[in-house]
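Before any comments, here is the structure.
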Amino acid sequence: MTCACALANKGYEVRVFEKQPVLGGYCQNFKRKGFTFGAAIHRVGGIYGRDNVNCILKEVGVTQLPEWYSFREKVQVGDRVINMCNSNVAESLKTIFPEESENIQRFWDEVMKINDLLTTIDEGANEGIARFEPKDLELLKKYRTVSIDEFLSEFFVNEEIKGILVAVSDAMPGGAVFAFVRMVAFANCSELTYQPVGGASAIIKALADRIVELGGEILLNSPVEKIIMEDGQAKGVICKGKEYYSDYIITNCDMNTTLYNLVGEEYLNPRLVKKVREKFTESPSCFSVWLGLDKDVKELGYEPGNLTYYPEKDSVLSDKAKLIADGSVQRDNDFVLISLSANNDPKSSPEGKGQIMIGMMCNYDFENLAELRKTNMQEYRKRKTEVAHRLVKKVEKFFPGLSDHIEVMETASPATFERYTGNSKGAYGGYKCTPDLVENYSAIDGKQLVKNLFATGHWGGVGDGVIFTTDMAMRVADKVLTCDMRKDLYDYNKKIS
Ligand SMILES: Cc1cc2nc3c(=O)[nH]c(=O)nc-3n(C[C@H](O)[C@H](O)[C@H](O)COP(=O)(O)OP(=O)(O)OC[C@H]3O[C@@H](n4cnc5c(N)ncnc54)[C@H](O)[C@@H]3O)c2cc1C
């Protein structure tokens, strides 16, 4: 949507194909008995996230920006509660662990060094310049293939500190250091977290309105079935049997679908296919529960913020690894996200009522749910409900009496996320951000997969979430402008910095 809007704003005729009756993918809302629930996004990010999205919307000509609300986002590791957005992570950690001050400082200095280097490289990449010095190469080489787990072990033996750092950065075991560094630095930006009134779908609505205002067309219930290939070039798409020709095609649907179903392997560069097959894997999925409550959360004494709870302080990384491993099952040590942030939006629940979203990251075959959905629907529903009830029970530690106030309960397994959005294995964020991805993503990032076909969204590069996907979309719009030798690029990364 961002890319379509950015191009429409530059005078291109755009047509958006959405296979669902609703726009937005993971950014959409859904309604149940008067409650409006966000399908996935429980926060856009700290102040940088809000400003970044607003900046992009302004860039593409949106005049009516979403209203935003702010709230506290906490993590609890064992019994220790920490503000997830913290303008001074290192100093806070030193206060908690004074005996580790030296290690914390060493860690922090290295994080900042890598972060500054990544920023310089990103800025250069936008200008088409390789902007780093030979000494920087050493640093890049050193951490290129290192995982978060290995990086943390370079500085700390204390598992609790490692766990806190993983928790505040929402990091994934086996993930790439570069992504981790970005997330830790990002947590360092502001004290509060932001979300638009109306949820992430308010951003989608602003973009959709602008696209239509610019004469663009948005087709709902319109799955793209094939990308038309002629002379090795993408020439258009087929939707519901009808051909639509165009100069450029931009895909943000699942990369496997784009490559193998929409384009067809016979048209792809075999080196690209090999890289994608051998080096890239889907990110984990999620299990989510949405609860509509018969009372306002404040009346129940609940704070309308977000909390992520890691029950066991000394095994955050290994517990998370178990949850996203093949064949994972529900365990007491599973972390859980409890989101009450939507309650800051008075229209999200009927008058006098409230809502909670409970979620956790998990593997596609978590509790065998994906398989059961195919083979035994009754057992699938039963198992899904059992998982949901155990999650509610866990959450009652923080919100006593919660079960007595549930009016509506909706659940989603990885198979649900896959079914609604087409993301393979219900992946929450495109490809898993591993060292392998970081090393090889340039094969897809901002490149034409075949001539005239670009990928945007969370499958298009290294990253996920609203901030990444909107950034990515602006970069892809610039690629199209560049193909047409236009000089009026958005070059927006420079503007936001
Ligand atoms: C449970 C969960 C919680 C999350 N929480 C957050 C959060 O709090 N904050 C955050 O920033 N990020 C969060 N994320 C990640 C974030 O939602 C995604 O990274 C981001 O929204 C991806 O956007 P996208 O446009 O790339 O893809 P998607 O949102 O997957 O959109 C793809 C769109 O393409 C459509 N489509 C697919 N195939 C076709 C086809 N053949 N023809 C036409 N249309 C098609 C789909 O219907 C969909 O609308 C979360 C993800 C999940 C699953």
Per DSSP H run of at least 4 residues, take -39500 (n - 2.57); add these up for the chain, divide by its residues and hand me the 222 nm value, nearest 500 deg cm²/dmol.
-11500 deg cm²/dmol
Please work out the C-alpha center-to-center distance from the stretch 263-319 to the stretch 50-68 and express it in whole Å.
26
Here the residues of the stretch 190-224 lying in the modelled label zone of GLU299, meaning backbone nitrogen under 11 Å from a point 7 Å along Cα-to-Cβ, are none
In a shell of Cβ-Cβ distance under 11 Å around ARG80, excluding ARG80 itself, what net charge do Lys and Arg (+1) and Asp and Glu (-1) give?
0
Where the convex hull is taken over the Cα atoms of the stretch 285-424, what is its projected area averaged over directions, in nm²?
8.7
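State the extension gain, in nm to one decimal, for the chain segment bounded by ASN261 and VAL329, taking 0.36 nm per residue of separation less the distance between their alpha-carbons. Let's see the in-between values first.
On the way: separation 68, 0.36 × 68 = 24.48 nm, distance 3.17 nm.
Gain on extension, ASN261 to VAL329, equals 21.3 nm.
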For the stretch 87-188, the Rg and Dmax computed from alpha carbons only, in angstrom
14.0, 45
Quick one: Kirkwood hydrodynamic radius for the stretch 341-497, alpha-carbon pairs, angstrom, one decimal?
19.2
For the charge dipole of the stretch 27-142, defined by +1 on Lys and Arg C-beta atoms and -1 on Asp and Glu C-beta atoms about the Cα centroid, which residue among THR95, ALA39, GLY49 has the Cα displaced farthest towards the positive pole?
ALA39
For LYS451, list long-range residues whose amide hydrogen, built 1.01 Å from N in the peptide plane, is under 5 Å from its own amide hydrogen.
ALA234
Would you order HIS389, HIS405 from fewest to most other beta-carbon atoms within 10 Å of each residue's own beta-carbon?
HIS389, HIS405
Starting at the first residue of the stretch 318-325, write each ³J(HN,Hα) from the Karplus equation 6.51 cos²θ - 1.76 cosθ + 1.60 with θ = phi - 60°, in whole Hz, x for Gly and Pro.
6, 5, 5, 4, 5, 5, 9, 7
Please give the charge dipole size of the chain, origin at the Cα centre, charges +1 on K and R Cβ atoms and -1 on D and E Cβ atoms. Round to the nearest 20 debye.
1080
Would you please name the trypsin sites (Lys or Arg not before Pro) within the stretch 193-243 that are DSSP coil residues with at most 11 other C-beta atoms within 10 Å of their C-beta?
LYS240
Scan the stretch 421-497 for trypsin sites (Lys or Arg not before Pro) in coil per DSSP, keeping those whose Cβ has at most 13 other Cβ atoms within 10 Å, and list them by number.
ARG486, LYS487
Can you return the lysines within cross-link range of LYS235? Criterion is Cα-Cα under 16 Å, with same-chain partners fewer than 8 residues away left out.
LYS226, LYS451
Got a sec to turn the phi values of the stretch 478-492 into Karplus ³J(HN,Hα) couplings, 6.51 cos²θ - 1.76 cosθ + 1.60 with θ = phi - 60°, whole Hz, x for Gly and Pro?
5, 5, 5, 4, 5, 4, 8, 6, 7, 9, 8, 5, 5, 6, 6
Tell me, rounded to the nearest percent, the portion of alpha carbon pairs in the chain spaced more than 44 Å apart.
11
Looking at the stretch 23-92, which GluC sites (Glu not before Pro) are DSSP coil and have at most 13 other C-beta atoms within 10 Å of their C-beta?
GLU67
Tabulate in residue order the Karplus-calculated ³J(HN,Hα) for the stretch 328-344, using 6.51 cos²θ - 1.76 cosθ + 1.60 with θ = phi - 60°, rounded to whole Hz; enter x for Gly and Pro.
6, 10, 5, 9, 5, 7, 4, 7, 8, 9, 10, 10, 10, 4, 4, 5, 6
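No value in this document is a laboratory result; all are computed from the given coordinates. Model, not experiment: these values are computed from the prediction. Quick reminder, even Gly has a Cβ in these numbers, built from the backbone with ideal geometry, and neighbours come from all protein chains shown.
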